[in-house]
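Please read the structure below before turning to the comments.
Where a number appears in this text, it was derived from the coordinates with a stated rule and is not lab data. As the structure is a prediction and not an experimental result, all values here were calculated from the model. Don't worry about glycine lacking a Cβ; one is built from the backbone with ideal geometry, like all the others, and counts go over all protein chains shown.
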Amino acid sequence: MEEIKKELESIIFNVMLPESQAFLNELNEEINKGNEEKEIIEAKKDVESFLEELNQILKLIEEKKLSNNDARDMYKKIRNMIDEHEH
C-alpha cells in the first residue's frame, strides 16, 4: 500500500473515528437527558453521516479503489480539519 494511503488510514483509525465517536456519544448523552434541541439533533445526524463517510473511505482503501491523488486530497482535508479544531 502506498504511503499516503497508510497515512490516511492511520489518521482515520487513530484520530477521526475515535474523536467522532466520542462526540457522537456526548450528543447521545445530551439527547438521553432530554435535550432535543434542533442543533443537537442536527449535529448527531451530521456526525453519523461523517462516520459513514470515514468508513466508506476505509473500505475504498481496503478494496484498493482509492487513487493516490484522492487519498492525498482526503488526507489534506482531514489534516486541515484537525488543525482548525486545535486552534
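Near Lys76, once Lys and Arg are set to +1 and Asp and Glu to -1 for all other residues with Cβ below 13 Å from its Cβ, the sum equals -2.
A crude spin-label estimate for the pair Glu42 and Glu84, with each label 7 Å from Cα along the Cβ direction, gives 1.6 nm. Backbone phi angles across the stretch 15-24, fed through the Karplus curve with coefficients 6.51, -1.76 and 1.60 (θ = phi - 60°), yield HN-Hα couplings of 10, 5, 5, x, 5, 5, 5, 5, 5, 4 Hz in residue order; Gly and Pro are listed as x. Within straight cross-link reach of Lys64, meaning Cα distance under 18 Å, which lysines are found once same-chain residues fewer than 8 apart are removed? Once the sequence-local lysines are set aside, what remains near Lys64 is Lys5, Lys6. Partners of Lys44 within straight-line reach, counting lysines whose Cα lies under 23 Å from its Cα and excluding those fewer than 8 residues away in the same chain: Lys33, Lys59, Lys77. For Kirkwood radius over Cα pairs in Å, pick the label among (1) 12.9; (2) 14.0; (3) 15.1 that corresponds to the value derived from the coordinates. The value computed from this structure is option (2).
Distance between the pseudo-spin-label points of Lys59 and Lys76 (7 Å out from Cα toward the beta carbon): 2.7 nm.
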